[in-house]
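One structure is given below, encoded as C-alpha cells.
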Amino acid sequence: MTGRDRAMSRRRLFAGAGLIGSSALAQRKSGGGAIWSAEYTASKGSVSLAMFRKRIGAPKAGETPMPVLFLVHGSSISARPSFDLTVPGHGDYSVMNTFAAYGFDVWTMDHENYGRSSQTSGNSDIASGVEDLKAGVELVAHETGRPKVHLCGESSGALRAGAYAMTQPDRVDRLVLCAFTYKGENSPTLTERAKQLDYYRTHNRRLRDRAMIRSIFTRDKAGTTDQALAEYLADQELKFGDQVPTGTYLDMTAHLPLVDPAKVLGPVLLVRGEYDGIATVDDLSDFYKLLPNGDRQFAILPGMAHSVVLGLNRKLFWHTMHAFL
C-alpha cells in the first residue's frame, strides 16, 4: 500500500449533516461549486486526532492546490462547534463555510482530550497542543500538496498556534492570533482564573458545564453574542461530556509568556475584541512591537468580546482575516 493509499484509508467522507454545518450549507454554491467536506485522522503516537476539512469541490489529481487555512480551537470548546457552527434561525457562524467559499482549503482538528480525539490521562497543555499541530499539519501537507498553511487560533488556540509557529516556521505562511495573551499582566480574566491555580496544578480535568459555556459569552460584555448561540453551542459541545483538560488554564495562569514574539518570523495579524478581558491592549501592543516581520497588523474589533469567531459582529472578523490572508 502506498503512502497515498494509507492516507486515503484514514479519510472518511463526511456524510451526516447533523446540526453543525447543515446539509443545505454544505451544498451552498460559490463560484467553483458546492462545499465539499471530509473527515480525517492524524496520529500523534498512540493518540488519534480527529480532523475535518471543507473546500469548494472534491480534490482532483493534478489540480493547483488551494491556499490552506488551519483553525485552532481554545480551552473549552472543540473544533467544529468553534469553527463550523450554524444556529437554526440565528445565522451561520461557520468560519469553515465562509473561507471555503472564499477559495481556501479549510481544516480544523480536535486536540487531545477534546471532541472526537483520543481521551488520555494528560492535561493537554500548550506543549501537547504543539505536538498535535505537528501531526495535523503534516497530514494536511500530505493531502493538499501545500508545504505551508495559514494558521488561525483563538484564545489558548492562539497560544498553540503561536508556539507552533516558533518551532515550525517553515510550515507557517501567515499567522492570525485571536483573543491572544502575551504576559497576561492586568488581565481581569486571568486574575480571576488564577484563584483556582492550585486546583489546575493538582487536577487534569475541570468542569465545563452549560453555565460555564454561557459565561464565555457574558463575562466581558453581555450583548456581544446572541444568547441563542450560547445555548445551541452548549447542546453541541456537551455531547462530549462536561469535563475538559486543565493544561491550558494552568499555562495561562502560571507559565506566561509562552510565545516569544522575536521567534515568530512570519507575517502576523493580532485580533482583539473591544471588550476582551483575556489581555489588555498594552499587553498585546508589547507583543506586537517585538514581532520581527514588518508585515504585521493589530486589529481591535468594535462590539466584540472574547470570541471574535462567535460574536454578533463576526462578519467584521471574517473581513479582517480575509484581507490579511
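Please treat every number below as a calculation from the coordinates, not as lab data. What you see is a predicted model; the values in this text were computed from it and never measured. Cβ coordinates were reconstructed from backbone atoms using ideal geometry, including for glycine residues, and neighbour counts include every protein chain displayed.
For segment 27-152, what is Rg from Cα atoms divided by 2.2 N^0.38 Å, rounded to two decimals?
Scaled against compact globular proteins, the figure is 1.05.
What is the ratio of the Cα radius of gyration of segment 93-182 to 2.2 N^0.38 Å, with N the residue count, to two decimals?
After normalising by residue count via 2.2 N^0.38 Å, the value is 1.07.
Evaluated at 25 °C with a viscosity of 0.890 mPa s, what Stokes-Einstein diffusion coefficient in µm²/s does the chain have when Rh comes from the Kirkwood expression over alpha-carbon pairs?
Using the Kirkwood radius from Cα pairs, D works out to 125 µm²/s.
Amide H of Arg205: which non-local residues (sequence gap of 5 or more, or other chain) have their own amide H closer than 5 Å, using H built in the peptide plane?
Amide H neighbours of Arg205: Thr246.
Pairing the Cα long axis of helix 156-167 with the longest principal axis of the chain, what angle in degrees results, from 0 to 90 and rounded to the nearest 10?
Between the helix axis and the principal axis of the chain, the angle is about 70 degrees.
Ordered by residue, what ³J(HN,Hα) values in Hz, to whole numbers, does segment 246-259 give under the Karplus form 6.51 cos²θ - 1.76 cosθ + 1.60, where θ = phi - 60° and Gly and Pro are x?
Computed from phi, the couplings for segment 246-259 are 9, x, 5, 5, 4, 4, 6, 9, 10, 10, 5, x, 9, 10 Hz.
Calculate, axis by axis, the spread of Cα positions in segment 196-325 along the three principal axes, and write the results as whole Å, longest axis first.
Largest to smallest, the principal-axis extents are 43, 36, 23 Å.
Calculate the dipole size of segment 36-324 relative to its Cα centre from +1 charges on Lys and Arg beta carbons and -1 charges on Asp and Glu beta carbons; express the result in debye to the nearest 20.
Working: 31 positive and 33 negative charges, 37 e Å.
For this selection, approximately 180 debye.
What is the diffusion coefficient of segment 139-225 in µm²/s, taking the Kirkwood radius over Cα pairs and the Stokes-Einstein relation at 37 °C with a viscosity of 0.692 mPa s?
Approximately 209 µm²/s, per Stokes-Einstein.
Would you please give the residues with an amide H less than 5 Å from that of Val149, counting only those at least 5 places away or on a separate chain, with H modeled from the backbone geometry?
Placed amide hydrogens put Val172, Asp173 under 5 Å from Val149.
Which is farthest toward the positive dipole end of the chain among Gly184, Ala34, Gly311, measuring Cα position about the Cα centre, with Cβ charges +1 (Lys, Arg) and -1 (Asp, Glu)?
Ala34
From the phi of every residue in segment 44-57, what ³J(HN,Hα) in whole Hz does the Karplus formula 6.51 cos²θ - 1.76 cosθ + 1.60 yield, where θ is phi - 60° and glycine or proline is x?
Whole-Hz 3J(HN,Hα) from phi for segment 44-57: 10, x, 7, 8, 9, 10, 6, 10, 9, 9, 9, 7, 7, x.
Mind checking which of Pro292, Leu250, Ala279 is farthest towards the positive end of segment 216-325's charge dipole, using Cβ charges of +1 (Lys, Arg) and -1 (Asp, Glu) about the Cα centre?
Farthest along the dipole direction, towards plus: Pro292.
Quick one: net charge around Ala305, please, counting Lys, Arg +1 and Asp, Glu -1 for every other residue with C-beta under 14 Å from its C-beta. Walk me through the intermediate numbers first.
Details: positive: Arg214, Arg219, Lys221, Arg272, Arg314; negative: Glu154, Asp220, Asp226, Glu274, Asp276.
Charge balance near Ala305 sits at 0.
Rounded to whole Hz and in sequence order, give me ³J(HN,Hα) for segment 230-237 from the Karplus expression 6.51 cos²θ - 1.76 cosθ + 1.60, θ = phi - 60°, writing x for Gly and Pro.
So the J values, rounded to whole Hz, are 4, 5, 5, 4, 4, 4, 6, 6.
How charged is the neighbourhood of Pro88? Take every other residue with its Cβ under 13 Å from the Cβ of Pro88, and add Lys/Arg as +1 and Asp/Glu as -1.
Surrounding charge for Pro88 is -4.
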